[in-house]
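Beneath this line is the structure, given in structure tokens, with notes to follow.
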Amino acid sequence: MSKRKENALLFPPWPIWDEEDVRTLTSVLRSGNWWCGAPGDRAGENLWEFQQEFARFQEAKHCIAVANGTVAIETVLLALGVGLGDEVIVSDYTFVASASAVIAVNAVPIFCEIDPFTLVMDVGKVESLISSRTKAVIAVHLGGNPVAMDRLCELASIHGLRVIEDCAHAQGSRYRGKRVGSWGDAGTFSFQASKVLTAGEGGCIVCNDDTLAERIYCISDCGRRPGKYFYAHYEYGTNYRMSEFLAALLRSQLKKLPAQHEMRNKNARYLMRLLNGIDGIRVMKPTEGTDEMGYYVYPFLFSPSRFGGITKEELEKILNEAGIPIDDCYPPLHSLACFRDIQLRKGIDYTGANWGGDKSDDSFFPVVSDVYTRSIQLPHYVLLAGQKPLDYIADCIRKLRH
Ligand SMILES: Cc1ncc(COP(=O)(O)O)c(C=O)c1O
């Protein structure tokens, strides 16, 4: 057996599924109720139950399930009235969906620098990006690490901005005693294949405001209102519904999440002690005030000079060869071709944006550009493997020190 194969066995596969998942999916198949139906009608029970169960897990009042995490953000933006000509501040270091959802509602994302230690939005830099057009801010809890939500919400309230939390990486993250998703107006989640709670695809929105929750539901289900005639469509809405199969699998997977979440947090602390003990390695620092983290990914930075001038690609290759799974980090949004070349929506004026053409030069985003060239990340499931494989990861990295 090759070294790579042998070590790969140290780490669990992802997703993890069992016979309960099989029974759950089979029972939906046999029931013939393959979609959720309307509230009140409830053709399938799983979606309605899942919404309540996930709201309970996230300690939020409402949960509205949708097709994926991208349309979850889009739906909230629409529900909050963000549209043509509005600006939305979003971290420069995130998956493209956090900003493409803004483009989808004809608004303009404005990219914010990150904190070099926590790797999430630097709240101290948000104020300088606020203009008369700013309508909202999207806080992305990268790797499950919460943005400093108390400071961000205070700033938002001073400037009359709406706050959306992109919690795609942050199932279970808790900041200053409160689960993420409940700090701002609404929080969005993704259940895409690599996420810590997954059904292959899927997403949802949590919020605590009854009126906003109803509006979000309405937009995600063709403009319908709960309890009203099925073919009455009250406002612009589209079909972003989640299927009953996804909801059923998510219910079954959600039962396993609390134990996995606890193990990830325990092992993450252990790995942090090991890696931070290596000269030239620095693990993403939990934001001050963080109680628990979702740990979708586990990023760390390295100083090339301490590792004989190695590049990130070389380090990734060596670790991969040693059987350690490494995830790609997101290239900063300002550097993506769609933003740099301004190949976006026809008829929308992006000239006021802080990106595009020369403005997309890395020199305007020095922190995130430096972080990107020196960081790699482990996927969350390595944190489910126990401590021996984590010792192995640290040993492999330690041996590369010069
Ligand atoms: C930070 C972030 N936001 C939003 C999304 C979009 O989620 P989905 O892939 O379910 O559309 C993702 C997906 O990876 C993400 O990482």
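The values are calculated or read from the model by the stated rules, or taken from the named source; none is laboratory data. Just so it is clear, the structure is predicted and the values come from calculations on it, not from any experiment. We place every Cβ from the backbone using ideal geometry, glycine too, and count neighbours over all the protein chains shown. The protein model used for the area step is the full one, side chains on, heavy atoms only, and it has no ligands, DNA or RNA in it. Shrake-Rupley method; radii C 1.70, N 1.55, O 1.52, S 1.80 Å.
Determine the shape class of the range 284-402: with a ≥ b ≥ c the square roots of the Cα gyration tensor eigenvalues, call it rounded for a/c under 1.5, and otherwise prolate if a/b is greater than b/c, oblate otherwise. Judged from the Cα gyration tensor, the range 284-402 comes out prolate (a/c at least 1.5, a/b above b/c). Accessible surface for the range 203-359, divided over its residues, is 47 Å² per residue with a 1.4 Å probe. Taking 0.36 nm per residue of separation and subtracting the Cα-Cα distance, full extension of the segment from Leu10 to Ser303 would add 102.8 nm.
Distance from the C-alpha centroid of the range 224-303 to that of the range 124-156: 19 Å, rounded to the whole angstrom. Tell me, what % of the accessible area of the range 325-366 is carbon and sulfur with a 1.4 angstrom probe? Taking all protein chains in place, the range 325-366 shows 50 percent carbon and sulfur surface. When each of the peptides 366-372, 387-393 is scored by the mean number of other C-beta atoms lying within 10 Å of its residues, the order from highest to lowest reads 366-372, 387-393. Of the accessible area of the range 172-267, computed with a 1.4 Å probe over protein heavy atoms only, carbon and sulfur atoms account for 53 percent. Spin-label model, Arg273/Asp210: points 7 Å from Cα along the beta carbon direction are separated by 4.9 nm.
The calculated FRET efficiency for the pair Arg176 and Asn320, based on their C-beta separation and a Förster distance of 41 Å, comes to about 0.65.
Take every pair of alpha-carbon atoms less than 8 Å apart whose residues are at least six positions apart; their mean separation over the length of the chain yields a relative contact order of 21 percent. Electrostatic tally near Ala136: other residues with Cβ closer than 14 Å to its Cβ, Lys and Arg +1, Asp and Glu -1, net -3.
Full extension of the chain between Arg401 and Ser194 gives 71.4 nm of extra length, using 0.36 nm per residue less the Cα-Cα distance. With a cut-off of 12 Å between beta carbons, the residues surrounding Asn46 carry a summed charge of -2, where Lys and Arg count +1 and Asp and Glu -1. An oblate overall shape is assigned to the range 151-194, the ratio a/c of its alpha-carbon gyration tensor axes (a ≥ b ≥ c) being 1.5 or greater and a/b not exceeding b/c. What the range 12-166 shows is 38 Å² of accessible area per residue, with the surface traced by a 1.4 Å probe over protein heavy atoms. Once the Cα-Cα distance is subtracted from the 0.36 nm per residue extended length, the Gln52 to Ser31 segment shows a gain of 5.4 nm. At a Förster distance of 35 Å, what's the computed FRET efficiency of Arg345 paired with Glu59, Cβ-Cβ distance as r, to 0.05? Plugging the Cβ-Cβ distance into 1/(1 + (r/R0)^6) gives 0.45.
Roll a 1.4 angstrom probe over the protein heavy atoms and tell me the percent of accessible area of the range 16-144 that is carbon or sulfur. Carbon with sulfur: 54 percent of the solvent-accessible area.
The Asp391 and Lys125 beta-carbon pair, evaluated with R₀ = 41 Å, returns a calculated FRET efficiency of approximately 0.60.
Sorted on the mean count of surrounding Cβ atoms within 10 Å across their residues, most packed first, peptides 88-97, 123-132, 139-148 read 139-148, 88-97, 123-132.
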